Amino acid sequence: MIVAFPDDAEPRPEPLHTWQEHGFTVAEARGWIKEGFRLPQARRWRESGVYAADQARQWRTAGATPYTVDVCLRAGMTPRDAVRWRELGHSLEEAADRHLAGESPRPRRWLHRLFGGDRSRAAEPGAMRELLRAGVAASTARGFADAGWAGRDAVEWARRGVAPTDARIFRALGFSAAEAEKLDEDAISVMVGWWRAGVPFDEVAAWRGAGFQPGEAVALRADGTGVEQAKILRALSDGAE
């Protein structure tokens, strides 16, 4: 006899004793069921090296499957790493290669070009000398020079310990070096958060500097509060320090 289920009916999870027959404890089985996995899915994740249900859920959210997660695990990545790389346009395989090579998540080349950071440019003539003369450590100065920064432009960012790539993005968003140093987020996170909210890049620093989060800025903009009012709030905030 064929039993018909409604179109929106979901298959019921297997009985706990069936999970136990495949090596799961009752607690483990309940955890996998709670996260929305059925037994065959849970078995595939475990065979791929992901043994906890919550970790499998995080990897699934990051875009991985039991058949692709192995490259990430071999590279020592976490689900959070995978999400950050994918948000910046990298495939899981490419992200794993770059992570294994010691790179941090960064925009693809088109984003470097968007913010004026093309690494194919030669080091800015005299940048190293100017940065060293300003007391910047040689290793830090080399990073800014290789990234094509003019020495005078890089000094303040380098002194405050902002990495060249982060500095390029923060500056494009309108932040000063002093403002960027106070932020509790890296440049990529700031950019992606405001980008997703739909706030224009040239308004980000004004809203963020006035203490607003992306969602708050979007709501205020919808009510007619413009960036100029945000700049006034920003100036008042700066003056109160």
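Taking the stretch 25-59, which residues are open to solvent by less than 40 Å² (accessible area, probe 1.4 Å) and at positive phi? Listed by number, the list holds a single entry, Gly49. If you go through the stretch 126-153 and pick out every residue that is part of a helix (DSSP H, G or I) and either free of Cβ contacts under 8 Å to residues at least 12 places away in the same chain or exposed (fewer than 13 other Cβ atoms within 10 Å of the Cβ) (or both), you end up with 6.
Inside the stretch 70-86, residues that are in contact with a Leu (Cβ under 8 Å, 6 or more places away or on another chain), outside any loop (DSSP other than H, G, I, E, B) and touching a residue at least 24 places away in the same chain (Cβ under 8 Å) make up a count of 4.
Residues in the stretch 177-190: is at least one assigned to a helix (DSSP H, G or I), more than 25 Å from Leu88 (Cα to Cα) and either modelled with pLDDT of 85 or more or under 26 Å from the mean Cα position of the chain (by Cα) (or both)? Yes - at least one qualifying residue is present in the stretch 177-190. Selection of the stretch 141-168 for residues being over 13 Å from Arg129 (Cβ atoms) and of a type in the set (Lys, Arg) yields Arg159, Arg160, Arg168. The condition of being among the acidic types (Asp, Glu), farther than 30 Å from Asp146 by Cβ, at pLDDT below 85 and part of a loop (DSSP other than H, G, I, E, B) holds for only one of Asp118, Asp8, that being Asp8.
The values are calculated or read from the model by the stated rules, or taken from the named source; none is laboratory data. Owing to the predicted nature of the structure, the values given are computational and were not obtained by experimental measurement. Glycine also receives a Cβ, built like all others from the backbone with ideal geometry; neighbour counts cover every protein chain displayed. All accessible areas refer to the heavy atoms of the entire protein, side chains included, with ligands and DNA or RNA removed. Shrake-Rupley method; radii C 1.70, N 1.55, O 1.52, S 1.80 Å.
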